[in-house]
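Asker: Sending over a structure as structure tokens; questions will come in a sec.
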Amino acid sequence: MSAADLHTLTGAYAAHALDPAESAEFERHLAGCPACVQEVAEFAATLARLGAAQAVLPPPALKAQVMAALPTLRQEAPRTAPAPGRPRDRLARGWAKLALAACLASAVGAGGVAVQQHQQAERARARAAALQQQQDRFVGLLTAPDARTATGTGAGGVGAGTVVWSSSRGQAGFLAAGLPTPAAGTTYELWFDDAGTMRPAGLLPTGDGVLLLTGTPDGAGGVGVTVEPAGGSAHPTTAPLMLLPFT
């Protein structure tokens, strides 16, 4: 493998995507290439932040919750059978009907709880699957032969953001780690900086996570981050929290 080819393997090496022979050859190359050492370190730091991104876990098993919600009603049988039509007999029949009604109401209520919890679990699984897909695609972007990264800190030095871009794939992604959670009714919005004109590139509602940016980085000089109303804006309405140049 030529030295030029080895220079393109920094992302794949950091993501442990090389086979043993390629990895050994690349490590020999690293011993004499400070530029690749620096790039591998940047990719490794980005992947570490990616691994720390929060995931949504589904709620606990539904069966135990539903069973715990079902009350147990016991009725002691009468020791002597009362004569038909007497008040005690009518009272016993009344309690039996009440117990049956209570059981039915409990079953209906528990069924509603089970349905609601099942729906919540399905939504949690869908969110987790979407997050995993974003992470997988982000790692794929990191391993592109021409992938580049730029990292900046949030306002006041709190948290960090890393942009990854690949010209060959015409794609860019953003990784947030430890940024403050946006206030209620707001979200982080990403922008491509087209020579001073900001082009919407996606929304990130939390301070941790990954986002594959909408649109192509071609022609852009970098990526900016602002806080916007929930749902996003057509143009930035606040000063950028960070600007990450494509250099």
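Asker: Going through segment 222-247 one residue at a time, which ones are of a type outside the set (Phe, Trp, Tyr), within 13 Å of Val164 (Cα to Cα) and not in a strand (DSSP E or B)?
Answerer: Answer for segment 222-247, where residues must be of a type outside the set (Phe, Trp, Tyr), within 13 Å of Val164 (Cα to Cα) and not in a strand (DSSP E or B): just Thr247.
Asker: Taking only pairs six or more apart or across chains, which ones have beta-carbon atoms under 7 Å, a first residue in segment 132-159 that is on the phi > 0 side of the Ramachandran plot and not assigned by TED's automatic domain parsing to the domain that holds His16, and a second residue that is of a type in the set (A, V, I, L, M) and part of a loop (DSSP other than H, G, I, E, B)?
Answerer: Gly159/Leu179
Asker: Going by the conditions given, is Val115 at pLDDT below 70, farther than 30 Å from Thr216 by Cβ and among the hydrophobic types (A, V, I, L, M, F, W, C)?
Answerer: Here the answer is yes, as Val115 does meet what is asked.
Asker: Just give me the residues in segment 175-207 being in contact with a Lys or Arg (Cβ under 9 Å, 6 or more places away or on another chain) and buried (at least 17 other Cβ atoms within 10 Å of the Cβ), in sequence order.
Answerer: Leu175, Ala176, Ala177, Trp191, Phe192, Asp193
Asker: Suppose we filter Ala160, Ala150 for residues that are at pLDDT 90 or above, in contact with a helix residue (DSSP H, G or I) (Cβ under 8 Å, 6 or more places away or on another chain) and not polar (S, T, N, Q); which single one remains?
Answerer: Just a single option satisfies the conditions, and that option is Ala160.
Asker: Which of (1) assigned to a strand (DSSP E or B); (2) closer than 20 Å to Arg137 by Cβ; (3) without any contact (Cβ under 8 Å) to a residue 40 or more places away in the chain is the odd one out, the single condition Ser168 does not satisfy?
Answerer: Looking at each condition in turn, Ser168 falls short on (1).
The values are calculated or read from the model by the stated rules, or taken from the named source; none is laboratory data. All figures in this text were calculated on a predicted structure; none of them were measured in a lab. Don't worry about glycine lacking a Cβ; one is built from the backbone with ideal geometry, like all the others, and counts go over all protein chains shown.
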